[in-house]
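What follows is a set of notes on a single structure, which appears directly below.
Nothing in this text is a laboratory measurement; each read-out follows from the coordinates by a stated rule. Given the structure is predicted, the values throughout are model-derived calculations rather than measurements. Positions of Cβ are backbone-derived with ideal geometry, glycine not excepted, and every protein chain shown enters the neighbour counts.
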Amino acid sequence: MITTAYLDSPLGLVSLTGSDAGLSAVSFHNTEGNTATPLAAVPACLQEGHRQLQAYFGRELRAFSLSYAPAFGTDFQRQVWTVLSNIGYGRTASYLDVAKLLNNPKSVRAVGAANGQNPLAIVWPCHRIIGADGSLTGYAGGMHRKKWLLEFEQPTRQGGLFG
């Protein structure tokens with residue numbers, strides 16, 4: 001049985017959807033007009049995903065270790081999503097980098113399309129994909145969230161020695 005839970009995050013309400021087979025979706029919700037609220041009781045099949053996302057936002061977790069069961073995805077999309085999960089915390093890659101890792105450097109546009117269909121925001125970190133020139137590119141969750149996530153994952157920088 002597919003079920004949903006909600007997490008209040010620094011980026012607004014996040015929904016987790018899944019079943020005993022695994023997590024199938026993580027997505028952002030716009031708060032305007034949204035009636036969904038975080039529930040006190042998270043369904044058992046979503047508790048670990050909920051806990052890991054809380055730990056991520058609390059700077060206690062950098063890599064997710066969950067069971068996944070996306071409801072859709074072509075073989076190519078799933079290959080792209082697997083590559084996404086290997087882009088480390090605080091790191092970025094371009095669409096071309098991903099295409100090269102798939103041994104198909106001409107698939108840059110297809111990689112971009114697959115990235116945009118990623119059902120597991122944050123967990124499969126499509127926010128870490130940037131343009132080849134280092135520019136921020138589209139993000140299904142909104143560019144303000146992508147920018148926030150990339151800045152959030154950067155190491156803290158020490159100011160002056162005494163300040």
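What net charge do the residues around residue 146 carry, taking every other residue with its C-beta under 14 Å from that of residue 146, with Lys and Arg at +1 and Asp and Glu at -1?
Net local charge, residue 146 excluded: +1.
Could you compute the net charge surrounding residue 121? Neighbours are other residues with a C-beta less than 15 Å from the C-beta of residue 121; K and R count +1, D and E count -1.
Within the 15 Å Cβ shell, the charges total +3.
Could you work out [θ]222 nm for the chain from helices alone, using -39500 (n - 2.57) per DSSP H run of at least four and dividing by all its residues? Round to the nearest 500 deg cm²/dmol.
-8500 deg cm²/dmol
Would you mind checking the radius of gyration and Dmax of the stretch 72-163 based on alpha-carbon positions, in Å?
Just the Cα atoms of the stretch 72-163 yield Rg and Dmax of 14.4, 54 Å.
Please figure out what share of the DSSP beta bridges in the chain is antiparallel and state it in percent, rounded to the nearest 5.
Of all bridge pairs located within the chain, approximately 75 percent are antiparallel.
Lys and Arg at +1, Asp and Glu at -1: add these up for the other residues within a Cβ distance under 13 Å of residue 65 and post the number.
It works out to a net charge of +1.
Whole-Hz Karplus ³J(HN,Hα) for the stretch 73-89, in order, using 6.51 cos²θ - 1.76 cosθ + 1.60 and θ = phi - 60°, x for Gly and Pro?
Listing the rounded values in order: x, 6, 4, 5, 4, 5, 5, 4, 5, 5, 4, 4, 5, 9, 7, x, 3 Hz.
Which longest run of the chain has no exposed loop site in it, a site being trypsin sites (Lys or Arg not before Pro) in a DSSP loop with at most 12 other beta carbons within 10 Å, and the site itself not part of the run?
In short, 92-156.
List the residues whose amide H sits under 5 Å from the amide H of residue 94, counting only those 5 or more places along or on another chain, with H placed 1.01 Å from N in the peptide plane.
Here 130 satisfy the definition.
Per residue and in cubic angstrom, what volume does the convex hull of the Cα atoms of the chain have?
So the per-residue Cα hull volume is 141 Å³.
Once you mark the GluC sites (Glu not before Pro) that are in a DSSP loop and have at most 15 other Cβ atoms within 10 Å, what is the longest gap between them in the chain?
Longest run free of exposed loop sites: 61-163.
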